[in-house]
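Trainee: After the structure tokens below, expect a handful of questions from me.
The values are calculated or read from the model by the stated rules, or taken from the named source; none is laboratory data. Because the structure is a prediction, the values reported are computed rather than measured. With ideal geometry, Cβ positions are generated from the backbone for all residues, glycine too; neighbour counts draw on all protein chains shown. Ligands, DNA and RNA are excluded from the accessible area calculation, which covers all protein heavy atoms including side chains. Shrake-Rupley method; radii C 1.70, N 1.55, O 1.52, S 1.80 Å.
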Number of protein chains: 2
Amino acid sequence: MASIKDVAAEAGVSVATVSRVLNSHPSVSPDAQRRVLAAVDVLGYRPNAVARSLRTDQTRTLGLVISDVLNPYFTELARFVEEEARALGYSVIIGNADEQPDLQEHHVRTLLDRRIDGLLVSPADGSSPLTPGAAGSGTPMVFVDRCIQGVDVPVVRADGRDAIRDLVAHLHRLGHRRLAIIAGPAATTTGNERVEAFREALREHGLALPDAYIGQGDFQTDSGRRATERFLALPEPPEVVFAADNLMALGALDAIRARGLRVPQDIGLAAFDDIPWFLHTDPPITAIAQPTGELGRAAVRALVDLIEGRSPQSVTLPARLVVRSSCGERASNPRSNL
Amino acid sequence: MASIKDVAAEAGVSVATVSRVLNSHPSVSPDAQRRVLAAVDVLGYRPNAVARSLRTDQTRTLGLVISDVLNPYFTELARFVEEEARALGYSVIIGNADEQPDLQEHHVRTLLDRRIDGLLVSPADGSSPLTPGAAGSGTPMVFVDRCIQGVDVPVVRADGRDAIRDLVAHLHRLGHRRLAIIAGPAATTTGNERVEAFREALREHGLALPDAYIGQGDFQTDSGRRATERFLALPEPPEVVFAADNLMALGALDAIRARGLRVPQDIGLAAFDDIPWFLHTDPPITAIAQPTGELGRAAVRALVDLIEGRSPQSVTLPARLVVRSSCGERASNPRSNL
DNA sequence: ATCGTCGCTGTAATCGATTCCACGGCTCTG
DNA sequence: CAGAGCCGTGGAATCGATTACAGCGACGAT
């Protein structure tokens, strides 16, 4: 592949001049510029980003470490992140942690080795040592969706508290009293927060959240299935199951079907995270929607602010309840929540 | 961030020795090795992958350009690709083309600029000039899922012909005669092939595929919706709609619902690409499943073969029909297709 | 005693870019 | 007309690694 030297030779100028033309530096004569551009064209030259990065100490690349690419919520987030980053002139390298702390470590390390300009992380596990360490390594970093307590890094996330309160009110209005939750891993902030918000909302209605109604999940389909099976085996099973993410809701649906039960007649189901498929499940699933696009864009903007020396603030956006029919009542206007 | 020089100084050796230790070169004294390792530890040194890549002319990175990350099929493919690549010591950078040729160009160019060691592409559009050009650029390349005719590059893909024949036979057995297809873009091989296989399978049953029963889609949800609306407005609408990918099937389901029709009583629906959600839609959707994991792994192995100087062959794996109930008959044993 | 060999180490070139500095030639000014 | 200033340009240092080559002791063989 042609290098800057080849271009310089072809154009009859020095590499310095070629570099200046390529970086649109002002002091280049029109003639030299023309010759360089022609040489670039002839040779099909493309600057070597690796060499450039080494010299300039910037890669114009952002790292994004997400907990699980197969989760449509994160896929969507990743898409928006890439879009916004591209608009700002950055590329994005995605690392998929698959909810495994050591995989998360691996990706953070790899990305840091590549000298990415900034890191966007949705930590799978707060207790892993490297990720906080990365914060201290001087690489700009922003948490998205989830965070690690006690690490001083801007966080961009959605607050589901109000939406969960709305959900519980909705369920209470429908006459449901025995409400269960499938929680995420205790190591994640989103795992804890959603349980706490749920518990608090229940308390406002004079309801308790017994331990038996808290299923321990890990944000993966299987754990939703297992937790639901345990609920259904209880002497007094819950009337509604609320899954803390969409994959566990899918697992819950599996488990309910396998028992030969129907939603919502026999048991209600609601989920955190709304995805297009929830409209088409049997029945359509009531869910809490996060403003994924805004989240992704805000996260990139915060990170780029950090990289370019401005100081960003943390961002918290509201989530909202989308009522469908999986808890016992079809939304009054079925088209309204499409 | 500490560089190799700092480590050399700290350990009291030259940079050459440090490099040798880091690359486990044989001729280093145990003493020097110990001192270097200690220095690495003290400084928290990590080799700069950018500098290393510049010198060695290899990045140990693969590029993967896919047509649409939001399509669960591609997401899954990407996951398996990353997994296999990691096992072989490579990282993966994903570029999402969003079915737009110019975005695809952008990503291919960016990846090439980064001097990735190899490129895995699922071309959104065969007519774009850069991607074939990239093949000539000396960067190893493999097509996955889709290919560009006339470009001499190994292809790893699934052949849906037999599965489509099975599907048509299944539909015929159920008494359906008016079968329509929502095709993918004509510029993609998968777009054409599926229509041709469908047409051929129909012919075997003495059925025709009138133009009115071929909807032009672009593998996106909306196009599935629009094509289906057109089908339903026909004086004699089809009895079954076969969508050439899962997103268009989703759109078709939307359109059918919006008309107040029921699946499968009023109209049947089948899709190419099977995804977990199809089990939980109303009704569960009959689909053609690709061996995504095998596809992703085979693609990476072929690419790495190419990179490391072995000569890989193209791979074609069979897809298979998964019968559910969206075409009029519940599978005999509902658990058998989970 | 001398020479070759072997093991270990350091010096320096190199990868492909960016950028500081100096220099030659020109114009402008006093 | 001399000196200052500016413009365009090239030479060379630099980023952080890898690696060819040479040097240097120690040791064994002759």
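Trainee: Go through (1) open to solvent by less than 30 Å² (accessible area, probe 1.4 Å); (2) part of a helix (DSSP H, G or I); (3) within 11 Å of DNA strand D (Cβ to nearest atom) for residue B:45 and report which single condition fails.
Mentor: Result: residue B:45 fails condition (2) only.
Trainee: Further question: Taking residue A:249 as the residue in question, decide whether it is touching a Gly at 6+ places or on another chain (Cβ under 6 Å), buried (at least 24 other Cβ atoms within 10 Å of the Cβ) and hydrophobic (A, V, I, L, M, F, W, C).
Mentor: The answer is no for residue A:249.
Trainee: Further question on the same structure: Does residue B:59 satisfy the criteria of being within 28 Å of residue B:311 (Cβ to Cβ) and either modelled with pLDDT of 95 or more or within 8 Å of chain A (Cβ to nearest Cβ) (or both)? Before the answer, list the steps.
Mentor: Numbers: within 28 Å of residue B:311 (Cβ to Cβ): yes; either modelled with pLDDT of 95 or more or within 8 Å of chain A (Cβ to nearest Cβ) (or both): yes.
Spelling it out, residue B:59 is indeed within 28 Å of residue B:311 (Cβ to Cβ) and either modelled with pLDDT of 95 or more or within 8 Å of chain A (Cβ to nearest Cβ) (or both).
Trainee: Using beta carbons and a limit of 8 Å, which pairs, at least six apart or on different chains, have the first residue in segment B:1-25 and more than 14 Å from chain A (Cβ to nearest Cβ) and the second one more than 11 Å from DNA strand C (Cβ to nearest atom) and open to solvent by 70 Å² or more (accessible area, probe 1.4 Å)?
Mentor: These pairs meet every condition: B:10/B:42; B:21/B:37.
Trainee: Determine whether residue A:50 is within 12 Å of DNA strand D (Cβ to nearest atom) and either over 38 Å from the mean Cα position of the chain (by Cα) or more than 10 Å from every other protein chain (Cβ to nearest Cβ) (or both).
Mentor: Criteria not met by residue A:50.
Trainee: From the list B:19, B:3, B:29, which one is open to solvent by less than 90 Å² (accessible area, probe 1.4 Å), small (Gly, Ala, Ser) and near DNA strand C (Cβ under 7 Å from one of its atoms)?
Mentor: None of the other options fit; the residue is B:29.
Trainee: Continuing with the same structure: Restricting to segment A:84-106, and then to whatever is surrounded by 24 or more Cβ atoms within 10 Å (Cβ to Cβ) and in a helix (DSSP H, G or I), can you tell me which residue is farthest from the other protein chains (Cβ to nearest Cβ)?
Mentor: Among residues in segment A:84-106 that are surrounded by 24 or more Cβ atoms within 10 Å (Cβ to Cβ) and in a helix (DSSP H, G or I), the one farthest from the other protein chains (Cβ to nearest Cβ) is A:104.
Residue by residue, here is whether (1) more than 16 Å from DNA strand C (Cβ to nearest atom); (2) in a helix (DSSP H, G or I); (3) at negative phi holds:
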{"residue": "B:8", "(1), (2), (3)": "no, yes, yes"}
{"residue": "B:50", "(1), (2), (3)": "no, yes, yes"}
{"residue": "B:64", "(1), (2), (3)": "yes, no, yes"}
{"residue": "B:82", "(1), (2), (3)": "yes, yes, yes"}
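Trainee: Okay, next question. So, of the residues in segment B:32-42 that are open to solvent by less than 60 Å² (accessible area, probe 1.4 Å) and β-branched (Val, Ile, Thr), which turns out to be farthest from DNA strand C (Cβ to nearest atom)?
Mentor: Checked segment B:32-42; the qualifying residue farthest from DNA strand C (Cβ to nearest atom) is B:40.
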